[in-house]
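Note sheet for the following structure.
The values are calculated or read from the model by the stated rules, or taken from the named source; none is laboratory data. All of these numbers come straight from a predicted model, not from anything done at the bench. Note that we place each Cβ from the backbone using ideal geometry, even for glycine, and neighbour counts take in every protein chain shown.
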Amino acid sequence: MRIAQLSIAERDGGAERIALDLHHGYRAAGHDARLLTPRPLRDHAGKTTTPGVIGIDEHAGRLPWVRWLSRYDRRAARPVAAVRRRLGYDDYAHPWTSGLLDLLPWTPDVLHLHNLHGGWFDLRQLAPLSHKLPVVATLHDAVWATGGPHFPCIAPSWREHVVEKNRKRRAPIFRDSRLRVATPSRWMLGLINGGSLEPGVIERRVIHNGVDTDVYSPGPREPGRRRLGVSDDEHLLLMVAMPGRRGFTHKDPQTALQAVRKIDPALRPATLCFVGSNEPPTQSNGVTVLHHPVVTDRSELTELYRAADALVHAAHEDNFPTVILEAMACGLPCVATDRGGMPEQIIEKQTGFVVPTHDPEALAVALNNVLGDESMRVGMGCAARKRACEHFTLERMTRDYLEWFAGFVPDATGLRC
């Protein structure tokens, strides 16, 4: 099969990581795969460094002076569009999108789309593309379902007229499209029902995210603890998040912080490390709060998981966060909130705990259970590793997509998956 994927960046957050991992998986399975992105990794000569990755000039088709200025200051080049994006309105004025298929050496058998929001893709091209070839869209968040916010929990902070305007503009686009939609969680699949996206969906299914369980694996605690400056006798908790343009909108670091401050004094000293933050460290009553910059190198992130006693994923909502899968693969118990797809990842009292949102007391009780009983912590970690290896591997995720593609791509059923 010839498979073309479209992603906003080669490496960034979890959605971009999934697209890149699928790209490698498709190629490893013997398929001719390309990953198109406006933000590829490049060498000193400006050439893309990853086989099969094609850089997109997202300013193609604009006036020369706009193209020139966009390379230095995107907002100054299109100030009205920048203001509208800041307010939350969709931005469709991206001429390069109409020539998307011309960027490829062949017409793909499948066009696999990932996050298209963020002001870089013209959604109006969805309908013509989906009538030319099969188009699969993986919903890593709820933007298409909500009309703007990444998750329903954020909707109250948005202006209603902005969301309604986006929905009205998208409705005819989706209605005229023929999309096959994959969601990592059953929860996200349910958000499609009754929304403006639903009329354009001809097939839908849940395909859980997967992670590299060879890279994310149990190992020694010492390297990560040395890097963080945490002693062997301290309890270490991690919260890993990628901040967006509007900050940690659907994450809840405050509840995590309040919970750690409420853990049993007998379990201190304890350290909570926020990975993805650049604030200065604080310390009070035997609780240290560290802030670590965003980690994109998987080996470095694995060291941090191995160093910890548990992962804390306090979120108002989340789809199927890869950080939970990564931590599980490293043999780490996970304590997460009960919204979105997170309860689909964690088996209560076997691989971790699921607690109500906005409830630091309940989160603190769960952390006391994990930190106060070493045999429980070790047992949960082993069960988490086993679950990750059985259900949430890259190989399983890649196979699920390829088997799906083979069902609607002509003459593809005999290809190796």
Would you please list the contacts, defined by Cβ atoms under 7 Å and residues six or more apart or on different chains, that run from a residue in region 74-103 that is more than 16 Å from Asp122 (Cβ to Cβ) to a residue that is among the hydroxyl-bearing types (Ser, Thr, Tyr) and assigned to a helix (DSSP H, G or I)? Ala77/Ser70
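Residues to consider are Arg170, Arg205; find the one that is more than 21 Å from Phe405 (Cβ to Cβ) and not aliphatic (A, V, I, L, M). Before the answer, list the steps.
On the way: Arg205 fails: more than 21 Å from Phe405 (Cβ to Cβ).
After applying the criteria, what remains is Arg170.
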When you look at Ala307, is it more than 17 Å from the chain's Cα centre (by Cα) and over 20 Å from Gly210 (Cα atoms), yes or no? yes
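Looking at region 283-297, which of its residues are surrounded by 12 or more Cβ atoms within 10 Å (Cβ to Cβ), of a type outside the set (A, V, I, L, M) and under 17 Å from Gln254 (Cα atoms)? Lay out the reasoning, then the answer.
Of region 283-297, the ones surrounded by 12 or more Cβ atoms within 10 Å (Cβ to Cβ) are 286-292, 294-296.
Applying the additional criterion that residues be of a type outside the set (A, V, I, L, M) yields 286, 288, 291-292, 296.
Across region 283-297, the qualifying residues are Thr288, His291, His292.
Mind telling me which of the residues Trp144, Trp106 ends up being in contact with a Lys or Arg (Cβ under 6 Å, 6 or more places away or on another chain), in the same structural domain as His23 (by TED's automatic domain parsing) and of a type in the set (Phe, Trp, Tyr)? Break it down into steps so the answer makes sense when it comes.
Numbers: Trp144 fails: in contact with a Lys or Arg (Cβ under 6 Å, 6 or more places away or on another chain).
Matching residue, one of Trp144, Trp106: Trp106.
Before we move on, is Leu367 within 20 Å of Arg221 (Cβ to Cβ) and not in a loop (DSSP other than H, G, I, E, B)? Step through it out loud before you land on a result.
Numbers: within 20 Å of Arg221 (Cβ to Cβ): yes; not in a loop (DSSP other than H, G, I, E, B): yes.
Against the criterion (within 20 Å of Arg221 (Cβ to Cβ) and not in a loop (DSSP other than H, G, I, E, B)), Leu367 qualifies.
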Taking first residues from region 17-31 that are of a type in the set (Asp, Glu) and second residues anywhere that are part of a helix (DSSP H, G or I), the pairs with Cβ under 7 Å that are 6 or more apart or on different chains are Asp21/Leu394
For Ser130, state whether it is assigned to a helix (DSSP H, G or I) and closer than 23 Å to Glu198 by Cβ. yes
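Considering only region 84-127, state which residues are polar (S, T, N, Q) and within 25 Å of the chain's Cα centre (by Cα). Explain how you work it out, then say what you get.
Pass one, region 84-127, residues polar (S, T, N, Q): 97-98, 107, 115, 125.
The answer is Thr97, Asn115, Gln125.
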For Ser196, are the conditions met, namely being more than 24 Å from Ala315 (Cβ to Cβ), in contact with a strand residue (DSSP E or B) (Cβ under 9 Å, 6 or more places away or on another chain) and in a loop (DSSP other than H, G, I, E, B)? no
Considering only region 322-335, I want to know if a residue exists there that is farther than 29 Å from Glu390 by Cα and buried (at least 17 other Cβ atoms within 10 Å of the Cβ). no
So which pairs qualify, if the first residue must be in region 302-328 and more than 24 Å from Arg186 (Cβ to Cβ), the second must be among the hydroxyl-bearing types (Ser, Thr, Tyr) and surrounded by 24 or more Cβ atoms within 10 Å (Cβ to Cβ), the Cβ gap must be under 8 Å, and the two must be at least 6 apart or on different chains? Thr302/Tyr216; Tyr305/Tyr216
